[in-house]
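As C-alpha cells, the structure follows; a few thoughts come after it.
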Amino acid sequence: MGAVTSTPPALALAERRPVVLAFRAVLVVLAVAGLANLLGSALNDSEPSDLAINLVAAERLADRQPLYEMEESRQRAVELGGEGLAHLYQDPTSSFAGPPTTALLHLPYTLLDHDLGVAAFRVSTIAGIVAALALVARALPAGCRLDGFLVGVAAFAVSPASDETMAQGQGHHLVMLGLALALWATARRRWGLVGAGLGLAAALKLTPALLIVYLVARGHRRVAVGALGAVVPLVVAAAAIGGRPGDLLTWARDVAPELSRGVVRAGNQSLPAALARLTAAPADVAGAASLGAVRLIALPLLLAGAVALWRARRHRPVDPLELAVLVLLGLVLGPLTWVHYATWATLAVVLLVPRVTTEARLVGLLIAVALLALPVDRPRPQAVAEDWLLRVTPNVGLAAVAVLLALAVLTLAPGRDRAG
C-alpha cells in the first residue's frame, strides 16, 4: 500500500510560487547556518558528560566489568575527560542509566582515540538526525516532502535543544532513526519494519515501548514480532560481549525504578517536574530530589491519553501522526524530560507540515517552531531554587512540545483529518 496521504496545503501561500521559493530559501539559509554551528560544536574540545558516561559503560561492557559500579566508572570518566567530570556518578541521573544495549550501541566509538570518538559521535548525531528527518519526510505526500524536510531540519538546526544535545552527547540520533523508520513504515503499512524501528528506539529509551503496545492494541501484532526481532539480538549481543547477563536484571531492578521517580531539578522539562518545583524546598530544586507524589499523575495521564487516542482512531487506518502524538505525550508527561529531548519533537514538525490547511494551523505550527528555536537563558538550579518567579516561568521547551501536541491532536480529531 502506498503512503498515507493527506490534503496538501490549501493556503494561498502554497499557490504563489515566488513566495514559496523565497520561503524555501529562508529555510535553507537557517538550516545551513544552524548545522554549521552544530558542526562547529561537534568539533570543539568540550567534554560531553552524558557521552562520557556511556563510553565508560561501553568500555566496561567490552572488559566484562559490572556496568553499574559507580566509583570505578567515575574514576575512568575522569581519566578520559578530566576533573570536569568528577561531579558525575553522584546519583542515578548522573550515572550510567541505560540498559546494557545502550552500552553496546556506543561500543564502536570506543575503538577510536577518545577525542576522535567524541567528535565522530557528535558528527554522526547531526547526520543521523538529519537522515531521520529525511526518512519521515518520505512518509509525506510527494508534493510536501521537500517542504516538510526543510522545515524539520531548520527547526532542528536552530533549536537550543540541539545545542544541548551536542553539549551533553546524548544518542538521540539512534532513537530518532528508530522512530523515523517506524513512522515511514507506518505510512507504507510495513508493520514488521515499524516494530524493528520501535525496538531499536526502545533499546535506548522507554517511551517507544508505549508505541509498540498501542499498535498491538490497534490490531497490528506483527509490530511486536518486529520489535522482538530488533531487541532480542541486541540484548543477546550485549550479554555475550559483556559476559554478564545479570546486568540487565540489575538495570530493571535497581536503575529503572530510580529513574521513574524523576527529579525536581530545573533541567527536567516535563509537566510533573514543573508542577513539583512549585512547592519543592530550595535544596530539592537545586539537588537531585525525586518528584515525590506528583510523579504518580504521570502514568495515569499517559495511559488515559493513549486510550483516548485509541478510542478516537480505532476504526481508521493508523496515521503516522498518531505515533508522534504518543511521543509528544511521553515528553510532556514523563518523569524525566531533559532540555535536549525536545529534539525528538522535530519529527512531529515534519509530519504536521502537509496538514497546514488553515491559517490557524499555520499559526500554531509557526508558534511551535518559534518556541523550539527561541534562545533560552537557563538559570542555575540554585537561582531557580531561590527565586519563586523562576519556578513558575513557563518552560519554553515544554511549551513548544505542548503546542505541537495540541496541533497534532486537533489534526487527528474526527472530521478534521483526511489521512484515513
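The values are calculated or read from the model by the stated rules, or taken from the named source; none is laboratory data. Small disclaimer: the values here were computed from a predicted structure and weren't measured. Please note: Cβ atoms are built from the backbone with ideal geometry, for glycine as well, and neighbour counts cover all protein chains shown. Note: accessible area is taken over every heavy atom of the protein model, side chains too, but ligands, DNA and RNA are not part of it. Shrake-Rupley method; radii C 1.70, N 1.55, O 1.52, S 1.80 Å.
Selection among Ala58, Val194, Asn395 by position relative to the dipole of the chain gives Val194 as farthest towards the positive end (Cβ unit charges, Cα centre).
Counting only protein heavy atoms and a probe of 1.4 Å, the accessible surface of the chain is 65% carbon and sulfur. As a length-normalised measure over Cα pairs under 8 Å and 6 or more apart, the relative contact order of region 106-249 settles at 18 percent. Under the rule of -39500 (n - 2.57) per DSSP H run of 4 or more residues, summed and divided by the residues of the chain, what mean residue ellipticity at 222 nm is obtained, to the nearest 500 deg cm²/dmol? Result for the chain: -20500 deg cm²/dmol, rounded to the nearest 500. If you plug the beta carbon distance of Val363 and Val26 into 1/(1 + (r/R0)^6) with R0 = 22 Å, you get a FRET efficiency near 0.80. Length gained on full extension, Val213 to Glu83, computed as 0.36 nm times the residue gap minus the Cα-Cα distance: 42.5 nm.
Between Met70 and Leu389, what length in nm is gained on full extension when 0.36 nm per residue of separation is reduced by their alpha carbon distance?
111.2 nm
Taking amide H as placed 1.01 Å from N in the peptide plane, the amide H of Trp338 sits under 5 Å from that of Gln269, each at least 5 places away or on another chain. Our note on the geometry: Cα centres of region 294-325 and region 33-53, 35 Å apart. Can you give the net charge of the other residues whose Cβ lies under 14 Å from the Cβ of Arg261, counting K and R as +1 and D and E as -1? Its environment carries a net charge of -2. Placing a label point 7 Å from the Cα of Asp113 along the Cα-to-Cβ direction, the residues of region 72-101 with a backbone N closer than 17 Å are 80-82. Comparing Gln382, Ala360, Pro317 along the charge dipole axis of region 295-398, the residue lying farthest to the positive side is Pro317, per the Cβ-charge model. If you take the Cα centroid of region 216-249 and the Cα centroid of region 332-378, the two points sit 31 Å apart. Entry comment: accessible area of the chain is 43 Å² per residue, from protein heavy atoms only and a probe of 1.4 Å. Scanning the chain for trypsin sites (Lys or Arg not before Pro) that sit in a DSSP loop and have at most 14 other Cβ atoms within 10 Å, the longest stretch containing none of them is 65-220. Karplus-derived 3J(HN,Hα) values for region 254-267, using 6.51 cos²θ - 1.76 cosθ + 1.60 with θ = phi - 60°, are 10, 7, 4, x, 5, 5, 5, 6, x, 9, 7, 3, 4, x Hz; glycine and proline are entered as x.
Counting only Cβ charges, +1 for Lys and Arg and -1 for Asp and Glu, the dipole size of region 311-368 around its Cα centre is about 260 debye. Distance between the modelled labels on Leu374 and Ser260, one decimal in nanometres: 3.4 nm (7 Å Cα→Cβ projection). Explain nothing, just the number: relative contact order of the chain, from Cα pairs under 8 Å at least 6 residues apart, as a whole percent. Relative contact order for the chain comes out at 21 percent. Going by a ≥ b ≥ c, the root eigenvalues of the Cα gyration tensor, does region 14-112 fall in the rounded group (a/c under 1.5), the prolate group (a/b larger than b/c) or the oblate group? Prolate, since a/c reaches 1.5 and a/b exceeds b/c.
In this structure the amide hydrogen of Phe96, modeled in the peptide plane, comes within under 5 Å of no amide hydrogen from residues 5 or more places off or on another chain. Charges were assigned to the Cβ only: +1 to each Lys and Arg, -1 to each Asp and Glu. The resulting dipole of the chain about its Cα centre is roughly 2240 debye.
Each of Val175, Val327, Ala286 was placed along the dipole of the chain (beta-carbon charges, centred on the mean Cα), and the one lying farthest toward the positive end is Val327. Against the chain, whose longest principal axis comes from its Cα atoms, helix 298-313 is set at around 30 degrees. Placing +1 on the Cβ of every Lys and Arg and -1 on the Cβ of every Asp and Glu, with no other charges, gives region 59-211 a dipole of roughly 1060 debye about its Cα centre.
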